[in-house]
Structures are given as structure tokens and as C-alpha cells.
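Report on one structure; see the data block that follows.
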Amino acid sequence: MGKVYLVGGGPGDPELLTIKAYKVLKSADVVLYDALVSKDILTITKLDCLKIYVGKRDGRHSLPQEEINELIYKFARQDKIVVRLKGGDPFVFGRGGEELTYLKEKGIEVEVVPGITSAVAAPSSALIPLTHRGVSSSFAVVTGHPNRGIDWSAFAKIDTLVILMGVKRRQEIARDLIKTGRDPKEPVAFVEKATTPEQRVIFSSLEEVALNPPEVRTPAVMVVGEVVSLGLEMNLVSDLNNLSQLALRNDGIDT
Ligand code: SAH
């Protein structure tokens, strides 16, 4: 019997892969991967490694979960080292739990290799601290997916909210959060394509997202809370530093 590794591929930047994930990928006979996995990570594998895409494609749905489970099982039965590679961490909205249960019930050996989740990496790489003394001492990660029927009042008193899969419903989410009593002036950030060269941070407020939402490209993480103002300040300082460096260089001064 083979072995299955449920591996977190990190948020985007291949350098944020763990050393353990790197080693496991090197040993893999088969890799089944999702849409949010960086293509660079897939080049780590052996030349003869079989790589199968099981994510969403051009608006079409991903393979049904049962088919993915069966595919992993089939390869494990063939004595293969199987890597099930997911973006971020496999257990943060990654259906890793379902795969683990299925495989364990079938008596397959499974090991989980945690990954850096975008829920933490996106705010962090956008210079937004999730907790900050005197500003935020709690954060929650929640899905904005329409099928989940979230009771937003449960999050009214959490200092910082990190919302995954919330881009499409951002306007509704902002309205719901204001209804639960959150301050309409509360700052909001969207971190697009975090930790990749295309990372972009859009700053807004609950009020603005509720009335006139800014354009946001996916994948993006939505962050709500006072800590976002710290992030905004830090981004402005970085931009100013970059600008002054640029100005100095343009003056012909070696920096
Ligand atoms: N298991 C993943 C999350 C899967 S749900 C993890 O731990 O990161 C998919 C959601 O993750 C997306 O809708 C988006 O909100 C977020 N996401 C994943 N990668 C991202 C990235 N590089 N930048 C911004 N958001 C990202």
C-alpha cells in the first residue's frame, strides 16, 4: 500500500513552501493539485511524476469531491506516493478533512503537511498586523461563500475579520457587518494575489464597500478592522520611501 500526503502549498510565493512540503513533493509519484497552487511548485517533482489537475477550469466546476477521493485511493492502492497538493493550508477551506476521513476509513496511511494559509499570509504580506497591542487582540477567519449562510452577528465583537472567498459578495458582507453594529467607518482592505509579484492592496471602508464597492480581482482576502489603518500607514510609508529612493536615483545619487 502506498502513502498519501495532504500538503499545503502556501499562499502563492513558491519560497513560502515548507521544507517538508518540498521534500515530499520531490518523492511523489503522483500529484493531484488545485487551481490556487503556484505552477513553480509543480516543477519540484521528479521528471516521471504524474501531475493531475483537479481544480476549477474556465468556469467549469472542479472534479466532484467523491471522484477526487477515489482517484487518490486508486493511486495509493497501486503502492504510489501520492501528494494531494492544495493552496495555503489543506485544512483551511480546503476540504482536507473530508479527504483525510475518507482515506483513513479505507485504511490508507495519510500524513498532513501544514501550509501557510492565505488567511494569515495575505494580511501579513500587505503589512496589516492581524493583532496589535491596544488595537486588536482577536481575529477570526470566515468564509464569504454564498452557500454557507454565515450568521455575521457571531463576529460582531471580533477585532479583526479575515474573509476568504468573499470577493463576489463583498457588498452584501459589508452591509451585513454594518447591520451587526460594526462602525461603517471601519477600514477594509482587499489583498489580491497575495505574496505573488501581482499582489495589490485596495483600501476602503465598510461604508464604501456597502455603497460603492471597489473593483477587486480574485483570489483576494478581505480584511476588516482597525488594524487595516496601520497597514495603510505602513504602505504609505513604504511608497514614500520608494518614491524618495527613486527621486535620489534620478538625481544621479548612488543609493
Ligand atoms: N486553503 C486555502 C484557502 C482556500 S479557499 C488557504 O489556506 O489559503 C480560497 C480562498 O483563499 C480564495 O477565495 C481567497 O480568498 C483566498 N486565497 C488563496 N490564495 C490567495 C492569494 N494568493 N491571495 C489572496 N487570497 C488568496
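Values quoted throughout were computed directly from the atomic coordinates according to the rules given, and no laboratory measurement underlies them. Everything quoted here is computed from the prediction, not taken from an experiment. So basically every Cβ, Gly included, is an ideal-geometry build from the backbone, and we count neighbours across all protein chains shown.
Quick rundown of the values:
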quantity	calculated
Dipole of the stretch 160-207 [Lys/Arg +1, Asp/Glu -1 at C-beta], most positive-end residue of Leu206, Ile173, Val162	Ile173
Highest-first arrangement of 76-89, 180-193, where packing means the average Cβ count within 10 Å	76-89, 180-193
Counted charge near Arg175, where neighbours are those whose Cβ lies closer than 11 Å (Asp, Glu -1; Lys, Arg +1)	+1
Among 12-22, 201-211, 223-233, the order from most to least packed when residues are scored by Cβ within 10 Å on average	223-233, 201-211, 12-22
Within the chain: Cβ-based charge dipole about Cα centre, in debye rounded to nearest 20 (Lys, Arg +1; Asp, Glu -1)	700
Cα lying deepest toward the dipole's positive end in the stretch 3-116, options Ile72, Gly8, Ala35, charges on Cβ	Ile72
Given charges at beta-carbon only (K, R positive; D, E negative), |dipole| of the stretch 3-116 in Debye	180
Whether the stretch 1-138 is rounded, prolate or oblate, judged on the alpha carbon gyration tensor where a/c under 1.5 counts as rounded	prolate
Extension gain, Thr143 back to Thr131 (0.36 nm per residue minus Cα-Cα distance, nm)	2.4 nm
Only Lys, Arg (+1) and Asp, Glu (-1) charged, at Cβ; the stretch 67-153 dipole about Cα centre in debye	140
Net charge contributed by nearby residues that have their C-beta within less than 13 Å of Lys193 (K/R +1, D/E -1)	-1
Set Lys106/Lys193; Lys39/Lys74; Lys56/Lys157; Lys51/Lys193; Lys56/Lys80; Lys104/Lys157 screened for pairs whose C-alpha atoms are more than 27 Å apart	Lys106/Lys193; Lys56/Lys157; Lys104/Lys157
Kirkwood Rh, Cα atoms: Rg over Rh of the stretch 119-238	0.92
Taking the stretch 3-116 and dividing mean pair separation by its residue count, relative contact order in percent (alpha carbons under 8 Å, at least six apart)	44
Net charge contributed by nearby residues that have their C-beta within less than 11 Å of Ala121 (K/R +1, D/E -1)	-2
Relative contact order computed over the chain (Cα-Cα under 8 Å; 6+ residues apart), in percent	19
DSSP beta bridges in the chain [antiparallel fraction, %, rounded to 5]	40
Relative contact order (percent, whole number), the stretch 119-238, Cα cutoff 8 Å, 6+ residue spacing	32
